[in-house]
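J.: Sharing a structure here in structure tokens format.
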Amino acid sequence: MVEKLMERWNLLILAPGAELFVALIVAVACAIFARPYVRRARADRASLPPMLPGTAAAVIIACLVDLIGRALWVRFPVVAWWSFALPLVVAALGVGATALVSTPSVRSTGEPTLVGVRRSWLSFASTSAVWISGVLATAVLVTTLCSGSVSSLDEFGRNVFIDFGDAGVTTFYGWSYGLPVLVGLALITVMTVIALARIAAPPFVSAVSFATERRARRVVSNAVLSLAAAALALAWGGALQLIGQAGSSSAGVGIPGVGEFSWSPGYSSFAGIFLWGGWAMEVISLVILFALIVGVVPFDLAARGLTDRRSEEVRSR
């Protein structure tokens with residue numbers, strides 16, 4: 001009885017699109033339990049260019065449209081090579097548009113201040129946000145290269161299979177999916193660095209408004225990194241799920257009078273880790289996107305909480 005319930009639960013949770021609804025529930029729960037911090041974070045909403053929340057919404061909508069379109073119209077032998085790269089490309093276009101069209105909440109008018117600190121694209125983003133984004137980008141890169149290197153061709157010459165020998169062949173995260181992801185990864189990386197550099201470049205308007213402007217630039221920098229990290233996590237989560245599904249497959253044969261024999265892939269024992277890890281990454285990414293849509297910057301919220309905690313520790317000494 002318990003095993004049947006768990007099996008049905010897994011089918012429900014891992015169903016296509018289920019992570020969207022779970023992410024919405026998690027986002028609402030986070031908003032309820034972290035209301036004081038959320039109020040403070042939303043106070044900085046005016047600092048955000050409208051393109052960033054709009055891009056977060058566009059990523060979710062694009063993935064939903066892709067999910068529905070693949071379910072209704074994409075049939076073999078067509079391969080949805082664009083699916084994993086889609087959130088990266090949409091996010092990159094939004095970040096690039098933000099960098100090119102609007103320099104967020106900073107004006108280069110007025111006389112430069114005496115604040116002579118040399119600024120770079122890393123000047124206003126929190127260190128943790130940069131590290132998290134970098135780790136996710138590295139994870140996407142390594143996963144794509146490793147998976148592509150072990151993938152095999154189908155009858156149409158596309159790298160969308162993996163050959164397990166006796167266990168047969170099955171759909172896999174091969175080069176046909178991975179190469180567009182690498183292009184999307186390059187795009188989101190370049191656009192993020194350009195956007196952060198443009199946020200940092202303009203001189204401060206005046207010494208009086210230095211603290212306010214610095215705060216505004218930090219919020220927008222962390223918002224850009226939050227958006228990039230969410231897109232990376234969404235792409236990586238999808239790749240991990242496909243890898244996990246391939247590892248969960250098996251092949252078998254029945255011999256009359258002897259019995260049935262089945263073979264499983266070599267990593268079938270921990271394929272569930274890929275499945276659940278990918279699902280968790282998709283939920284986390286969607287929570288970040290929902291937060292950006294309502295004007296909350298998760299990376300800035302975390303950085304502020306850490307700063308407040310350190311300040312309290314200093315005061316208590």
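The values are calculated or read from the model by the stated rules, or taken from the named source; none is laboratory data. None of the values given here were measured: they were computed from a predicted structure. Cβ coordinates were reconstructed from backbone atoms using ideal geometry, including for glycine residues, and neighbour counts include every protein chain displayed. For accessibility, only protein heavy atoms count, side chains too; no ligands or nucleic acids. Shrake-Rupley method; radii C 1.70, N 1.55, O 1.52, S 1.80 Å.
J.: Please list the non-local residues whose amide H lies under 5 Å from the amide H of residue 152, H modeled 1.01 Å from N, same-chain partners needing a gap of 5 or more.
T.: The answer is 160, 161, 162, 163.
J.: Something else: On the protein heavy atoms, probe 1.4 angstrom, tell me the percent of accessible surface of the stretch 155-197 carried by carbon and sulfur. Numbers along the way, then the final one.
T.: Working: 1280 of 1900 Å².
Ligands and nucleic acids excluded, carbon and sulfur give 68 percent.
J.: So between residue 100 and residue 122, what do we pick up on full extension, going 0.36 nm a residue minus the alpha carbon distance?
T.: Numbers: separation 22, 0.36 × 22 = 7.92 nm, distance 1.83 nm.
Difference between extended and current length: 6.1 nm.
J.: Could you order the peptides 280-292, 141-153 from most to least packed, using the average number of other C-beta atoms within 10 Å per residue? Display every interim value, and only then the final one.
T.: On the way: 280-292: 23.5, 141-153: 16.5.
Packing order, densest peptide first, comes out as 280-292, 141-153.
J.: Okay, moving on. If packing is taken as the average count of other Cβ atoms within 10 Å, what order do 63-75, 80-92 fall into, highest mean first?
T.: 80-92, 63-75
J.: Points 7 angstrom from Cα along the Cβ direction at residue 82 and residue 28: gap in nanometres?
T.: Taking the simple label geometry, residue 82 and residue 28 are separated by 3.2 nm.
J.: Need the full-extension length gain, residue 68 to residue 273, defined as separation in residues times 0.36 nm minus the C-alpha distance. One decimal, nm.
T.: Full extension from residue 68 to residue 273 adds 71.2 nm.
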